[in-house]
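Worksheet for the structure shown next.
Read the figures in this text as sums done on the coordinates, not as results from a lab. None of these values were measured; they are calculated from a predicted model. Heads up, the Cβs are rebuilt from the backbone with ideal geometry, glycines too, and the neighbour counts pull from every protein chain shown.
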Amino acid sequence: MEKIIQLKDISKIYMVGTIEIPALKTVTIDIQKNEYVAIMGPSGSGKSTLMNLIGCLDTPTNGTYILNNHDVSTMTDDQLAGIRNKEIGFVFQTFNLLPRYDALGNVQLPLIYAGVPKAERIDRAKSVIEQVGLTDRIHHKPNELSGGQRQRVAVARALVSKPSIILADEPTGNLDSKTSVDIMRLFSEIHRNGNTIILVTHEEDIAHYAHRIIRLRDGLIESDETNPDIRKD
């Protein structure tokens, strides 16, 4: 299978004054195209640092990161921003929608940054809004939507650039249990459509929607196993 992510001996050290704080210690992970992976770990385990590195929001102190055949380990901030916009669709716990824009406007934002012409932007945004089941809410602003509908807008925004990876950070953290199930069903459908999904969560029941679960502890991989009990509800 085709490797979309190759992390080799990745470490990340933060400096607090003159003290070195190792957040990740020689982590090596390969993720294949169209995998559905959950990253878990307690607070301080390094999972947020790993997510930031995978998402090209930060660079490693040591090691190599190849993302879809691009070596991003040593890229500048501007280069990382370009790769992020092209290769990665983000879904956050807090939705991160702009309140003054309706669903259609919010979903178009990555395409505006990428310089896509207006007519194409609108067509692509409408298509992914339909994909997440929100066509009837296309002109509603975030304050006119429920939490689950806002997260669907965020998922549509992540999909609109046709990224290599969907990176979801605690995507059900602000949702009730029924709405969480609805959103996780949507992720399962997106995975079936061919997307690679990386899910960062501290909730066991949410992680079990993924096909592979990587557990971190103290900046190291504690386990990396195929999930034998995938949730399908």
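The residue among Thr172, Ile54, Ala158 whose Cα reaches farthest toward the positive pole of the charge dipole of segment 3-226, with charges on the beta-carbon of Lys, Arg, Asp and Glu, is Ala158.
Quick check on the chain: helices-only [θ] at 222 nm, where DSSP H runs of length 4 and up contribute -39,500 (n - 2.57) each and the sum goes over total residues. Nearest 500, please. Here the helix-only value at 222 nm equals -10000 deg cm²/dmol. Relative contact order, whole percent, for the chain stands at 28, derived from Cα pairs under 8 Å and 6 or more residues apart.
Which trypsin sites (Lys or Arg not before Pro) in segment 84-160 pass both tests, a DSSP loop state and at most 16 other beta-carbon atoms within 10 Å?
Here the trypsin sites (Lys or Arg not before Pro) that fit, given the DSSP loop and packing criteria, are Arg100.
A DSSP coil position with no more than 15 other Cβ atoms inside 10 Å describes the following trypsin sites (Lys or Arg not before Pro) in segment 170-233: Arg231, Lys232.
In terms of distances greater than 20 angstrom between alpha carbons, the cross-link table entries Lys126/Lys232; Lys118/Lys162; Lys8/Lys33; Lys8/Lys162 yield Lys126/Lys232; Lys8/Lys162.
Under the shape rule built on the C-alpha gyration tensor, where the axes satisfy a ≥ b ≥ c, segment 1-99 is rounded, since a/c falls short of 1.5. Summary value for segment 1-46: 41 percent relative contact order, contacts being C-alpha pairs under 8 angstrom separated by 6+ residues. About the centre of its Cα atoms, segment 66-105 shows a dipole size close to 140 debye [charges on the beta carbon of Lys, Arg (+1) and Asp, Glu (-1) only; nearest 20 debye]. Computed about the Cα centre, the dipole magnitude for the chain is approximately 640 debye when only Lys and Arg (+1) and Asp and Glu (-1) carry charge, each at its Cβ.
The GluC sites (Glu not before Pro) found in segment 134-233 that occupy coil by DSSP, while having at most 14 further C-beta atoms within 10 Å, are Glu203.
Around Arg185, under 12 Å between beta carbons, what's the net of Lys plus Arg minus Asp minus Glu among the other residues?
+2
Solvent-free Debye calculation, one equal scatterer per alpha-carbon of segment 71-120: log10 I(q)/I(0) at 0.18 Å⁻¹ equals -0.72. Since only Met75, Ile4, Ala125 are under comparison, the one whose Cα sits farthest along the positive direction of the charge dipole of segment 1-153, derived from C-beta charges on Lys, Arg, Asp and Glu, is Ala125.
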